[in-house]
1. Considering only residues that are of a type in the set (A, V, I, L, M) and either open to solvent by less than 80 Å² (accessible area, probe 1.4 Å) or touching a residue at least 40 places away in the same chain (Cβ under 8 Å) (or both), which ones fall in the range 33-60?
2. For the range 2-22, does any single residue satisfy the condition of being touching a helix residue (DSSP H, G or I) at 6+ places or on another chain (Cβ under 7 Å), within 19 Å of Val127 (Cα to Cα) and modelled with pLDDT under 95?
3. What number of residues in the range 61-81 are open to solvent by 10 Å² or more (accessible area, probe 1.4 Å), farther than 16 Å from Val104 by Cβ and assigned to a strand (DSSP E or B)?
4. Is it the case that the range 101-124 has a residue that's surrounded by fewer than 15 Cβ atoms within 10 Å (Cβ to Cβ), touching a Leu at 6+ places or on another chain (Cβ under 9 Å), at pLDDT 90 or above and farther than 21 Å from Leu46 by Cβ?
5. Report whether or not His17 is in a loop (DSSP other than H, G, I, E, B) and open to solvent by less than 40 Å² (accessible area, probe 1.4 Å).
6. Hey, can you tell me all the residues within the range 27-52 that are touching a strand residue (DSSP E or B) at 6+ places or on another chain (Cβ under 8 Å) and closer than 21 Å to Leu101 by Cβ?
7. Can you confirm whether the range 91-100 contains a residue that is at pLDDT 90 or above and either in a strand (DSSP E or B) or farther than 15 Å from Val52 by Cα (or both)?
Amino acid sequence: MPESATWQCHLHLTNDHRAPHIARHTIRTALLGHAHTPELTDTAELLTSELVSNSVKHSDGPVTVRLRSRPDAVRIGVMDNHPELPDPLACTPDQDFGRGLYLVDVLADAWGRYPVIGHCRTPGWKVVWFELSDAVPECRHS
């Protein structure tokens, strides 16, 4: 059977301090097993951990991670029951918190957040997502 160019992975986690660790290792295994670069995998692992950590800290329900992989990119979304759509905080070197979305903003090729609305089973929830590209930057010759 031929391998699909696009595939998905869903991870449903209990709101627990172990959730970021489990999400990190699941994302790493999935991406390396599907031939993504180690650099993309490292960044995806870090950003997923940051988003899941935020969900565990700010929500009181389960956390869902959705990975969608294409040959040249990945998109990872984290859904939780805390309705507030977060913005990155300004960071200072002496802060011990608030760097998660700052890292997403700096390291992701694209990212965003949206409320879960409509005729779904999880109204009032939100998704924070990011995309990373496996594409090698083009070299420009002068």
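The values are calculated or read from the model by the stated rules, or taken from the named source; none is laboratory data. Because the structure is a prediction, the values reported are computed rather than measured. Cβ coordinates were reconstructed from backbone atoms using ideal geometry, including for glycine residues, and neighbour counts include every protein chain displayed. When the accessible area is computed, the model is the full protein with side chains, heavy atoms only, and any ligands, DNA or RNA have been set aside. Shrake-Rupley method; radii C 1.70, N 1.55, O 1.52, S 1.80 Å.
1. Taking the range 33-60 as the starting set, the residues that turn out to be of a type in the set (A, V, I, L, M) are 35, 40, 44, 46-47, 51-52, 56.
Within the range 33-60, Leu40, Ala44, Leu46, Leu47, Leu51, Val52, Val56 qualify.
2. Yes, there is a match, as at least one residue in the range 2-22 is touching a helix residue (DSSP H, G or I) at 6+ places or on another chain (Cβ under 7 Å), within 19 Å of Val127 (Cα to Cα) and modelled with pLDDT under 95.
3. 3
4. Checked against the condition, which is being surrounded by fewer than 15 Cβ atoms within 10 Å (Cβ to Cβ), touching a Leu at 6+ places or on another chain (Cβ under 9 Å), at pLDDT 90 or above and farther than 21 Å from Leu46 by Cβ, the range 101-124 yields at least one hit.
5. Values: in a loop (DSSP other than H, G, I, E, B): yes; open to solvent by less than 40 Å² (accessible area, probe 1.4 Å): no.
No: the conditions fail for His17.
6. We begin by selecting, within the range 27-52, every residue touching a strand residue (DSSP E or B) at 6+ places or on another chain (Cβ under 8 Å); these are 27, 30-31, 34, 36, 40, 43-44, 47-48, 51-52.
Ile27, Leu40, Thr43, Ala44, Leu47, Thr48, Leu51, Val52 - these are the residues of the range 27-52 that are touching a strand residue (DSSP E or B) at 6+ places or on another chain (Cβ under 8 Å) and closer than 21 Å to Leu101 by Cβ.
7. Of all residues in the range 91-100, those at pLDDT 90 or above come to none.
No, every residue in the range 91-100 fails to be at pLDDT 90 or above and either in a strand (DSSP E or B) or farther than 15 Å from Val52 by Cα (or both).
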